[in-house]
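So the structure is just underneath, and the comments pick up after that.
Every number in this text was worked out from the coordinates using simple rules, so none of it is lab data. Only a predicted model underlies this, so the values are computations on that prediction, with no experimental measurement involved. A quick note on method: Cβ atoms are made from the backbone with ideal geometry, for glycine too, and the neighbour counts reach across all protein chains shown.
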Amino acid sequence: MTQQNAEEELIFEQLRDLVISTLEDLKAIDIQQIDVAGQNPLTDLFVVASGNSSRHVKSMAENLVMKAKAAGCQPLGVEGERQAEWVLVDLNDVIVHLMLPQTRAFYNLEKLWEASNQQRSSSTQSA
């Protein structure tokens with residue numbers, strides 16, 4: 001591993017830890033990490049969590065953005081704050097999905113990516 005790769009890995013781990021600890025501090029519900037490295041050209045990790053209400057979801061997103069900026073990670077974008085049923089915070093290597101429980105159940109990102117991983121591994125094994 002080169003020096004640059006080691007530094008990038010450390011930065012990624014620090015960002016992931018910042019996201020998880022911030023969400024835990026803000027009482028996010030059922031925080032899940034989905035490793036999409038090599039499967040998604042946009043990011044390496046999805047973090048999915050729920051909030052009690054749209055106000056809670058919006059507050060978590062705002063606080064996460066503030067903490068990321070304070071740590072020197074400028075978010076690439078934030079989507080969905082107006083309705084706050086599903087707020088996406090793009091931190092480049094980590095994309096955070098904050099949702100109301102019913103929205104999360106409907107879209108079920110965890111199962112979607114799990115199925116995608118299984119399909120990829122079965123097609124690799126049969127090749």
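At R0 = 41 Å, how high is the FRET efficiency between E110 and E62 if r is their beta carbon distance? Nearest 0.05 is fine.
With a Förster radius of 41 Å, E is 0.95.
Between A37 and A71, with labels modelled 7 Å along Cα→Cβ, what's the label distance in nm to one decimal, could you check?
Output for this residue pair reads 1.6 nm.
Just tell me which lysines come within less than 27 Å, Cα to Cα, of K111; anything on the same chain fewer than 8 places away is out.
K27, K58
Quick one: R104, R55, fewest Cβ neighbours within 10 Å first, how do they rank?
In order of increasing Cβ crowding within 10 Å: R55, R104.
By count of other Cβ within 10 Å, fewest leading, how are H56, H97 ordered?
Fewest to most other Cβ atoms nearby, the residues stand as H56, H97.
Straight-line reach from K69: which aspartates and glutamates have a Cα under 14 Å away, not including same-chain ones fewer than 8 places off?
Output for K69: D90.
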